[in-house]
Amino acid sequence: QVQLVESGGGLVQPGGSLRLSCAASGSIFSINAMGWYRQAPGKQREMVAVITSSGSTNYGDSVKGRFTISRDNAKNTVVLQMNSLKPEDTAVYYCNADLRTYSDLGLHDYWGQGTQVTVSS
């Protein structure tokens, strides 16, 4: 059983900052990529930022230069630092991990339950 637990969402004013954290736990053999995705009302889920186990990163065009993703491989955690937030960043943010468990060494996607980020004055 694998769980991804997110924390750090909330309400922030435009121009402000928030820090999202996600911890993966359970019978994890290894984690490949970890990342953050978001879904705003009426829109499709989109990639925000992804980081590989070696530290390579990829960002969505709308967040480049404002968001930073990092991870701690020893703790199976991933963090998204969000700066200069805009109202259009308002969405439910989901943590994702591409990983192998001890019971099934195939690579599978796991998702957190989501955390709401609202940017509004």
Query - Antiparallel bridge percentage (DSSP; both residues within the chain; nearest 5) - result: 95 percent
Requested in this report: Report the full-extension gain for the segment N83 to M47: residue separation times 0.36 nm, less the Cα-Cα distance, to one decimal in nm.
Outcome: 11.3 nm
Requested in this report: Treating cross-link reach as a plain straight distance, find the aspartates and glutamates whose alpha-carbon is under 16 Å from the alpha-carbon of K75, omitting any fewer than eight places away in the same chain.
Outcome: E6, D98
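Please give the length that would be gained between S27 and Y102 if that part of the chain were fully extended, namely 0.36 nm times their separation in residues minus their C-alpha to C-alpha distance (nm, one decimal).
Details: separation 75, 0.36 × 75 = 27.00 nm, distance 0.59 nm.
Contour length minus the Cα-Cα distance gives 26.4 nm.
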Query - Spin-label proximity, D72 to the range 5-22 - amide N less than 16 Å from point 7 Å beyond Cα toward beta carbon - result: 5-8, 19-22
Report task. Report the calculated FRET efficiency for S120 and R19 (r = Cβ-Cβ distance, R0 = 22 Å), to the nearest 0.05. Result -> 0.75
Report task. Determine by what factor the alpha-carbon radius of gyration of the range 42-121 differs from 2.2 N^0.38 Å, reporting the quotient. Result -> 1.21
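No value in this document is a laboratory result; all are computed from the given coordinates. In this text, all values refer to a predicted model and were calculated from it rather than measured experimentally. Cβ: placed from backbone, ideal geometry, glycine included. Neighbour counts: every protein chain shown.
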